[in-house]
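The values are calculated or read from the model by the stated rules, or taken from the named source; none is laboratory data. The shown structure was predicted, so the numbers you read here are calculated from the model rather than taken from an experiment. Here Cβ is always computed from backbone atoms with ideal geometry, including for glycine, and neighbour counts include all displayed protein chains. Just so you know, the surface numbers come from the protein's heavy atoms only, side chains and all, with ligands and any DNA or RNA stripped out. Shrake-Rupley method; radii C 1.70, N 1.55, O 1.52, S 1.80 Å.
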Amino acid sequence: MTEMTSLRPLAAVLVPAVAIVPILASRGRPNVREGWTVAAALSALGVVASMVPGVLGGDTYVSRVGTLVPGVEFAVQADALGVLFGLLASLLWVVTSFYSIGYMRGLDEHDQTRYFAAFAGSVAAALGVAFASNLLVLFVFYELLTVATYPLVSHDETDEARAAGRKYLTYTFGGGVAVLAGSVLVYLLAGTTAFAPGGIAELASADPMLARAAFALLITGFGVKAALMPLHSWLPDAMVAPTPVSGLLHAVAVVKSGVFGIARVILEVFGPVNVADIGMGLPLAAIAAFTLVTASVIALRQDNLKRRLAFSTVSQLSYIVLGLAVGAAVAPGQASAYALVGGLLHIPAHAFMKLTLFFCAGAIHVETHTDDISDMAGIGTRMPLTMTAFGVAALGMAGIPLIAGFVSKYFLLIGTVSAGQLVFTGALLVSGVLNIAYFWPVVYAAFFESPDEADSKPIVEGPLGGRFGDDHVATDGGHGEGHVDGADAVGGQHADHGHGHHGGWDARGWLGGESTWFMLGPILFAATGSIVLGVAPDTAVFLRIVRDIVAAVTGVSV
């Protein structure tokens, strides 16, 4: 590994952070504001992508800023693991930026400038998490991510949104305290918190009880955002936020920062060998297996589509943790490497699939005001492209071949079987069946059922984007005084209308008439990405990066 001094890791973090200023300054000019958003997203992606070839060649790019505290350097570095997360976050920020334009304008949401500024701040913090060079720098950006995403979670400003925001802050700041305590303990034990492939050497000779305590604190802290049970309940409640925020929370930034932190701890703080030596791998794997099965069962009981997707996320994140834990629990070798590859590859695989699903849920809401699965019979006629993309992502989540989820879950299954951990193999298979059980009813209802003859459901008419009838729209989104916005939060869910449709859906065809291309384009891009990752994962770069990470940590090529 060659370390190269470069401003690029720092630039990747600063580009979205600096973009907050012109976004806020463009409050009265929405086209300019969104132009700054897209320009910043493309610039951040360009900076991160420029480092990928070097990282694949074994280089690590480092930007040194100064001293954070005595003995701890404030530096950001782009290594293979950081680029895996950074490339994913920056790429999907571009996609989500376009989608947000269609969604926020489609519903004439209030305070759109604040929304786009907070979104940029969230991505800046996520890139800081990706490129942190040690535990304390990671802690700083981990907490900044909480601060930046709070305005997004509580965006609706209803009582339910504020309550969800307070719960989010309580859980995630509590997790941050655990991360800080664990980081300080690691520093006391090893004299450093800097990441090193295979783990910090000094921890191998540290007192086992103290090492276990440090490991438990770090995993608990990162486990909050990774939604490990019983630390998960903030996540379904956060569904009160606008759907693009749900995509950010579930696919790009927040929850991925949690599993990314766990990956750093296992692979580059303690190292798989030391995790096995202190006996912490199998208990973590057991917690992950319990979470992925239990959350799938709970998802079956959710009629609200976003809440069903939320519990699906809780389950799917534990696939990643399970792969990392099993890879660290067994003797170094091919089985360990397969499990680690499966866990790490599920980070981008889940991101593309879950973003597709949330984008589809948002488009359904904007165009039809429908949020409950029981009201979606026949909606495939009204939104054929959207529901087809939903079906593709749902198949991938269940592990069907030729879609991203199959590849990562294949490595996970091979790893657990080869390691002789058949209990975890069984948990993966049971969860896969449950995935089919809670996704199939949505697809079946959309394409193979007719609307019931109950209450009428409003069908959105008007300009592409789904905005419904009001000529008095404020410059920053929202409606003029006295207007009752259809996007008001009802019953704790963002604009949860939940009416049934009476008399059938009007057919919009397969040429994009169902919604604006600001939303359809990102939906189809994310769905296509799910397929590319399933058909040609090496070509999509992510698997190549994952192979390099695992080879550097274990010495085994997969």
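Quick rundown of the values:
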item: Some residue of the stretch 349-365 being in contact with a Pro (Cβ under 9 Å, 6 or more places away or on another chain), open to solvent by 10 Å² or more (accessible area, probe 1.4 Å) and either closer than 26 Å to Gly102 by Cβ or in contact (Cβ under 8 Å) with a residue 60 or more places away in the chain (or both); result: no
item: Among the residues listed as Gly399, Gly405, the single one being free of Cβ contacts under 8 Å to residues at least 40 places away in the same chain and either touching a Ser or Thr at 6+ places or on another chain (Cβ under 7 Å) or crowded, with 24+ Cβ neighbours inside 10 Å (or both); result: Gly399
item: Failed condition for Leu56, given (1) within 22 Å of Arg264 (Cβ to Cβ); (2) in contact with a Gly (Cβ under 8 Å, 6 or more places away or on another chain); (3) open to solvent by 20 Å² or more (accessible area, probe 1.4 Å); result: (2)
item: Single condition Pro332 does not satisfy, out of (1) assigned to a helix (DSSP H, G or I); (2) more than 20 Å from the chain's Cα centre (by Cα); (3) touching a residue at least 40 places away in the same chain (Cβ under 8 Å); result: (1)
item: Among the candidates Ala227, Ala238, Ala251, residue that is open to solvent by less than 30 Å² (accessible area, probe 1.4 Å), at pLDDT 85 or above and in contact with a Leu (Cβ under 8 Å, 6 or more places away or on another chain); result: Ala227
item: Residues that are out of contact with any Pro (no Cβ under 9 Å at 6 or more places or on another chain), surrounded by 22 or more Cβ atoms within 10 Å (Cβ to Cβ) and either touching a residue at least 60 places away in the same chain (Cβ under 8 Å) or under 30 Å from Val550 (Cα atoms) (or both), drawn from the stretch 377-394; result: Gly380, Arg382, Met383, Leu385, Thr386, Met387, Ala389, Val392, Ala393, Ala394
item: Long-range neighbours under 6 Å by Cβ, at least six apart or interchain, first residue farther than 20 Å from Ile200 by Cβ within the stretch 534-555, second of a type in the set (Phe, Trp, Tyr); result: Gly534/Phe406
item: All positions within the stretch 539-558 that are open to solvent by 60 Å² or more (accessible area, probe 1.4 Å) and not in a helix (DSSP H, G or I); result: Thr539, Gly555, Ser557
item: Tally, over the stretch 123-147, of residues that are of a type in the set (A, V, I, L, M) and under 15 Å from the mean Cα position of the chain (by Cα); result: 8
item: Evaluation of Tyr150 against (1) aromatic (Phe, Trp, Tyr); (2) open to solvent by 10 Å² or more (accessible area, probe 1.4 Å); (3) at pLDDT 90 or above (one fails), failing number; result: (3)
item: Verdict on Gly174 being under 30 Å from Ala349 (Cβ atoms), in contact (Cβ under 8 Å) with a residue 24 or more places away in the chain, outside any helix (DSSP H, G or I) and open to solvent by 10 Å² or more (accessible area, probe 1.4 Å); result: no
